[in-house]
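Structure, as structure tokens:
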Amino acid sequence: MIWQAQHYGDSSGIDLISEVPCRALTGENWKLFVENAADTIFFIDDGNAFVTTEEFAEAVERSTSYFVLVTRENLHHLPYSVDEIYGFRCHGRYRDTKRMYHQMYRFVSTETKACTTI
């Protein structure tokens, strides 16, 4: 939807409301956009192979922008926080017939648990 809003503007029917610029980042000219934008939120959807490259990791490190990545790939070159990894749960008998997410949850729990030695 973000890609549609940025490419089609008002005719997309999508109102993107944000205090900072938001862009969908795709394989086309990704490096050019990252290097020429400051304080932008970049949304990167699954299927963009550049997110696994060292070149992308270096561009992210130099950037003052924020990156939201939706991917199933291992991101060996990117540092990330376990506090910021989320998954989606679907419920229902026919959950694969349409995209509908009922609940978002933390992928990794960061709660401190007390240990007792017996």
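FYI, it's all coordinate maths here, none of it is from the lab. This is a predicted model, so every value here is computed, not measured. Cβ atoms come from the backbone with ideal geometry, glycine included; neighbour counts cover every protein chain shown.
For residue 76, what is the net charge nearby, where nearby means another residue's Cβ is under 15 Å from its Cβ and Lys, Arg count +1, Asp, Glu -1?
-4
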**Request:** At 7 Å along the Cα-to-beta-carbon direction for both residue 58 and residue 1, put a label point, then send me their distance in nm to one decimal.
**Result:** 3.7
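For residue 68 and residue 36, FRET efficiency with R0 = 22 Å and r from the beta-carbon atoms, rounded to 0.05?
Numbers: r = 19 Å, r/R0 = 0.86.
Given R0 = 22 Å and the Cβ-Cβ separation, E is 0.70.
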**Fill in**
Residues other than residue 50 with Cβ under 11 Å of its Cβ, Lys/Arg counted +1 and Asp/Glu -1, net out at -3
